[in-house]
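All remarks here apply to the structure that follows.
The values are calculated or read from the model by the stated rules, or taken from the named source; none is laboratory data. Only a predicted model underlies this, so the values are computations on that prediction, with no experimental measurement involved. Note that each Cβ is placed from the backbone with ideal geometry, even for glycine, and that neighbours are counted across all protein chains shown.
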């Protein structure tokens with residue numbers, strides 16, 4: 001055993017954190033980049049796919065969003081299976097299936113086939129992100145979790161900067177070997193996920209005791225810290241993960257997430273079209289795809305800075321409320337900016353706010369859930385919240401169609417949802433009193 005504040009304990013903590021940040025987090029971030037790439041590349045493909053296949057905005061919005069119905073249905077079972085079979089095997093399985101289905105999106109030809117493939121992609125990808133969050137609870141003490149999750153998300157954002165420019169380049173392959181550019185995009189971006197599954201089987205340890213790069217003292221220190229977290233959670237009370245499904249704090253977290261996911265995905269899947277429309281047709285498809293890195297850079301930097309401040313002050317709720325409020329302002333500005341460069345500025349403000357909130361939101365969530373509830377609880381919150389991923393693009397497509405192709409109604413709705421999420425976070429995400437039970 002190590003004394004909590006001894007020099008030896010502090011040295012071990014520094015060593016473990018460095019190894020987590022250099023060995024585990026970058027690898028998981030690379031995996032998540034391709035997860036997000038294969039999920040969201042349809043927004044780039046849509047710049048030409050809608051025209052080639054004669055898909056209306058309503059068809060595209062429904063197809064983009066139906067991914068999240070499959071995601072919702074299989075996410076909790078996926079996370080519970082992962083807890084039983086181990087992270088390494090299950091994450092590899094997830095990556096193989098989503099990579100194959102993502103590549104097969106190149107064969108879409110009708111609205112029905114588009115809906116089916118997006119639904120299957122959601123089924124295949126379900127469980128990855130909450131699985132990573134669950135995986136962190138096996139490795140990272142509660143006091144370090146916000147920093148680790150935020151660094152993971154920030155690194156994902158930085159590594160994902162290539163997604164837009166790559167998509168733009170792949171669209172230029174239009175006509176090569178008789179295929180449309182969007183078909184090449186789906187094919188080429190789906191292959192790396194399948195290949196990375198082999199690396200997962202080889203390099204991803206199921207738990208700290210399987211990590212060859214941790215020394216025995218480091219493993220022991222980590223085990224002691226995680227055991228201390230578990231005992232602390234037990235002292236303040238236990239609820240089963242089934243009880244968590246009706247626990248008010250869990251439902252509040254779900255509602256906050258579903259509102260922010262609705263807003264974020266509304267613009268996420270229609271952002272490239274918004275930029276092209278506000279440019280008056282002057283921006284090429286590849287340029288539209290490339291300039292999307294600007295909000296992503298702003299978001300990545302803001303997350304890194306906000307996560308450090310959140311860890312230093314412990315004021316998670318403040319970061320969540322402030323972040324969502326800033327994002328609401330960004331969405332509202334998007335609705336009224338007349339030029340594409342103005343939209344880029346507004347989207348950057350939105351990304352700034354969303355990323356300020358993201359790390360602290362998940363830190364609140366993982367700290368609220370105890371070890372026993374983590375598998376079911378994290379997946380439940382993520383899957384229910386991600387229904388906003390269905391509502392967002394569907395709602396944007398519907399409102400855009402009803403308003404004659406204008407984006408204002410959808411963007412104003414997104415701003416309102418973000419503001420409601422900020423208000424709910426202000427009212428419900430207060431730190432629990434010592435006697436208040438942790439869901440576990």
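Looking at the range 115-123, can you tell me whether even one residue there is closer than 28 Å to residue 158 by Cβ, touching a residue at least 40 places away in the same chain (Cβ under 8 Å) and within 16 Å of the chain's Cα centre (by Cα)?
So the first thing to find is which residues in the range 115-123 are closer than 28 Å to residue 158 by Cβ, and the list is 118, 121-122.
Of the ones still in play, those that are also touching a residue at least 40 places away in the same chain (Cβ under 8 Å) are 118, 121-122.
With within 16 Å of the chain's Cα centre (by Cα) added as a condition, the list becomes 121-122.
Yes, because at least one residue in the range 115-123 is closer than 28 Å to residue 158 by Cβ, touching a residue at least 40 places away in the same chain (Cβ under 8 Å) and within 16 Å of the chain's Cα centre (by Cα).
May I ask you to say which residue of 141, 130, 77 is surrounded by fewer than 22 Cβ atoms within 10 Å (Cβ to Cβ) and closer than 29 Å to residue 314 by Cα? Spell out the reasoning first.
Details: 130 fails: surrounded by fewer than 22 Cβ atoms within 10 Å (Cβ to Cβ); 77 fails: closer than 29 Å to residue 314 by Cα.
Of the residues listed, the single one that is surrounded by fewer than 22 Cβ atoms within 10 Å (Cβ to Cβ) and closer than 29 Å to residue 314 by Cα is 141.
Quick check on the range 307-328. Is at least one of its residues under 30 Å from residue 281 (Cβ atoms) and surrounded by fewer than 18 Cβ atoms within 10 Å (Cβ to Cβ)?
No - not one qualifying residue is present in the range 307-328.
Suppose we filter 190, 181 for residues that are out of contact with any strand residue (DSSP E or B) (no Cβ under 7 Å at 6 or more places or on another chain), at pLDDT 90 or above, farther than 30 Å from residue 302 by Cα and buried (at least 19 other Cβ atoms within 10 Å of the Cβ); which single one remains?
Checking each option against the conditions leaves just 181.
Give the residue, chosen from 16, 59, 33, 42, that is closer than 22 Å to residue 270 by Cβ and over 23 Å from the mean Cα position of the chain (by Cα). Steps first, please.
Numbers: 16 fails: closer than 22 Å to residue 270 by Cβ; 33 fails: over 23 Å from the mean Cα position of the chain (by Cα); 42 fails: over 23 Å from the mean Cα position of the chain (by Cα).
After applying the criteria, what remains is 59.
Can we say residue 213 is under 30 Å from residue 140 (Cα atoms) and in contact (Cβ under 8 Å) with a residue 12 or more places away in the chain?
When the stated conditions are applied, residue 213 passes them.
Having 3 or more residues that are modelled with pLDDT of 95 or more and farther than 23 Å from residue 60 by Cβ is the bar; report the helices (runs of 4 or more DSSP H) wholly within the range 336-440 that clear it.
340-368, 408-428
Quick one: would you say residue 325 is more than 21 Å from residue 411 (Cα to Cα) and either touching a strand residue (DSSP E or B) at 6+ places or on another chain (Cβ under 9 Å) or part of a helix (DSSP H, G or I) (or both)?
When the stated conditions are applied, residue 325 does not pass them.
Any idea which of 101, 91, 30, 66 is over 23 Å from residue 156 (Cα atoms) and either at pLDDT 90 or above or buried (at least 17 other Cβ atoms within 10 Å of the Cβ) (or both)?
66
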